[in-house]
1. Which one is farthest from I195 (Cα to Cα), of the residues in segment 94-136 that are assigned to a helix (DSSP H, G or I) and of a type in the set (S, T, N, Q)?
2. For segment 248-264, indicate whether the set of residues that are part of a helix (DSSP H, G or I), modelled with pLDDT of 80 or more and in the same structural domain as R186 (by TED's automatic domain parsing) is non-empty.
3. Just one of (1) more than 30 Å from R140 (Cβ to Cβ); (2) hydroxyl-bearing (S, T, Y); (3) outside the structural domain of F180 (by TED's automatic domain parsing) trips up T283, so point out which.
4. Please find, among R305, R214, R301, the residue that is at pLDDT 95 or above and surrounded by fewer than 19 Cβ atoms within 10 Å (Cβ to Cβ).
5. Among the residues of segment 137-192, how many are part of a loop (DSSP other than H, G, I, E, B), closer than 30 Å to F113 by Cα and basic (K, R)?
6. Which one is surrounded by the fewest Cβ atoms within 10 Å (Cβ to Cβ) among residues in segment 276-287 that are in contact with a strand residue (DSSP E or B) (Cβ under 9 Å, 6 or more places away or on another chain) and at pLDDT below 90?
Amino acid sequence: MELRHLKYFQAVAEELSYSKAAHRLHIAQPALSRAVKELEEQIGVLLLARSRRSVALTPAGAVLLHEIGLLLQRLDETTRRVQRTAAGEEGELRLGYIGPPTQSFLSRMLKEFRRRYPRVSIVLEERTPERVWEMVSRGRLSIGITRPVLSHRALGLPTLLLRKEPLFCVFPKPHRLEKFSAVPWRELAEEPLVILARREGVGLHDAILAACRRARFTPKLAHTPSLMSTVLSYVEAGAGIGVMTDSVCPTEKRGPLSCRLLVPKQTVDLVMVWSGHEESPPTTGFRELMAEWNAAGHLWRNSQRKSR
């Protein structure tokens with residue numbers, strides 16, 4: 001049984017006339033008659049009661065006409081869904097990210113992505129940088145927004161640099177470091193430091209230790225919590241000086257904490273990473289949106305702190 005058999009029968013059953021149905025389908029009437037007869041032979045029942053002057057549906061034909069309507073409607077819906085998927089308007093996007101550095105732009109970007117692709121389902125996974133890279137490389141994530149890790153070159157995944165984030169120090173008010181417009185790294189030599197645990201952010205952790213080494217001192221690590229919010233809590237409690245990127249520094253000028261750029265400037269990268277084998281339309285659409293926003297400076301439009 002071919003789809004054309006069903007469409008030809010539907011036209012005759014709705015018109016109750018072979019000549020009108022042939023005109024509607026733009027085919028010869030004999031070809032239409034043969035197709036309907038072939039359908040009856042394949043099903044093994046009489047679908048149309050024919051006479052020299054009229055055509056009428058048999059009870060079996062009436063049932064088939066109803067079912068064909070449902071079938072063709074479903075086929076049209078399936079075709080449209082396939083076309084929407086191919087155009088990136090339907091499907092699934094699995095996005096992995098690291099939390100604090102993406103807070104300034106991720107919700108705005110996802111809102112715009114939903115506006116452009118309202119039928120795409122978005123699954124968010126907040127993970128450590130190493131976990132994001134691993135999940136992207138194994139195909140468990142479509143895209144990651146993360147920091148480079150030690151193994152990223154070996155994985156050979158394509159990336160887009162989003163920003164080189166400068167490091168700042170954070171301290172409670174009042175503090176002697178407030179007199180500096182930018183704090184030399186060496187000024188942290190005698191201060192207890194609070195930085196993110198290496199297992200949670202190896203790139204950030206190692207960049208801070210490398211900057212301390214270049215300033216020729218070994219840092220006194222008071223605490224290395226797993227969450228950036230905990231780093232800030234320790235700092236506010238007076239347990240030490242926090243070191244973090246400017247994207248997660250407190251911005252309240254009248255709050256209990258102050259932030260200063262650390263010099264010489266040390267930066268850590270924030271990148272978008274994806275698999276070269278992941279070319280689904282939703283993934284391509286998100287990458288294009290990210291590249292568009294990155295080039296236009298929309299990712300950091302709300303930044304209240306300029307690096308020097």
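1. Just the residues of segment 94-136 that are assigned to a helix (DSSP H, G or I), to begin with: 99-102, 106-116, 129-136.
Imposing the further condition that a residue be of a type in the set (S, T, N, Q) reduces the set to 102, 107.
On the way: T102: 18, S107: 26 Å.
Per the criteria, the residue is S107.
2. yes
3. T283 satisfies all of (1) more than 30 Å from R140 (Cβ to Cβ); (2) hydroxyl-bearing (S, T, Y); (3) outside the structural domain of F180 (by TED's automatic domain parsing) except (1).
4. Details: R305 fails: at pLDDT 95 or above; R301 fails: at pLDDT 95 or above.
Matching residue, one of R305, R214, R301: R214.
5. Number satisfying all stated conditions: 3.
6. S280
Each row is one residue, and each column tells you yes or no for (1) in the same structural domain as V263 (by TED's automatic domain parsing); (2) modelled with pLDDT under 90; (3) surrounded by fewer than 20 Cβ atoms within 10 Å (Cβ to Cβ).
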residue	(1), (2), (3)
R147	no, no, no
R153	no, yes, yes
L157	no, no, yes
F171	yes, no, no
H175	yes, no, yes
F180	yes, no, yes
V183	yes, no, no
E187	yes, no, yes
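The values are calculated or read from the model by the stated rules, or taken from the named source; none is laboratory data. Please read all numbers here as calculations on a predicted model, not as lab measurements. All Cβ positions, glycine included, derive from the backbone under ideal geometry; neighbour counts span all protein chains shown.
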